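First the structure, in the form of C-alpha cells, and then the observations on it.
The values are calculated or read from the model by the stated rules, or taken from the named source; none is laboratory data. What you are looking at is a predicted structure, and each value in this text was computed from that prediction instead of being measured. Quick reminder, even Gly has a Cβ in these numbers, built from the backbone with ideal geometry, and neighbours come from all protein chains shown. Surface accessibility is based on the protein's heavy atoms, side chains included, excluding ligands, DNA and RNA. Shrake-Rupley method; radii C 1.70, N 1.55, O 1.52, S 1.80 Å.
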Amino acid sequence: MASMDDFVKKQKAGAQFVITAQMLRLKPVEFDALVARWIDDGGPGFNVIGVPHRTVVDGDFLISRVTVIRTTAQL
C-alpha cells in the first residue's frame, strides 16, 4: 500500500481530494484523532477544508471522511 505522502504527492497543488479512514486502514477512533490534528495544524502537504463527515460508532460521532486541498508546501 502506498504511504500517505505518496498519495498526496500525486495530487496537483490546489487539487481537492477526499481522505477516508478506510483508505488509510485506520480504525474510526484513530482516524478521528489524526484528523483533529490536521484541522488544527494542517496535514502533510494539505489543509482540511469544509466540514468533516462524521459517522456514529458506539454512540460517538467520529470523523470518517475529510475533504482536503493540496498545498504547495514540501512534504
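Condition first: open to solvent by 70 Å² or more (accessible area, probe 1.4 Å), without any contact (Cβ under 8 Å) to a residue 60 or more places away in the chain and not hydrophobic (A, V, I, L, M, F, W, C). Now tell me which residues in region 7-37 satisfy that.
Once the filter is applied, which keeps residues that are open to solvent by 70 Å² or more (accessible area, probe 1.4 Å), without any contact (Cβ under 8 Å) to a residue 60 or more places away in the chain and not hydrophobic (A, V, I, L, M, F, W, C), region 7-37 yields 10, 12, 16, 22, 25, 27, 30, 37.
Which pairs have Cβ atoms under 7 Å, sit 6 or more apart or on different chains, and link a residue in region 38-61 that is touching a residue at least 12 places away in the same chain (Cβ under 8 Å) and surrounded by 12 or more Cβ atoms within 10 Å (Cβ to Cβ) to one that is hydroxyl-bearing (Ser, Thr, Tyr) and assigned to a loop (DSSP other than H, G, I, E, B)?
Taking only residues 6 or more apart or on different chains, the pairs are 45/71; 46/71; 47/71.
Find the residue count for region 21-75, including only residues that are among the polar types (S, T, N, Q) and either within 9 Å of the chain's Cα centre (by Cα) or over 19 Å from residue 9 (Cα atoms) (or both).
Count: 5.
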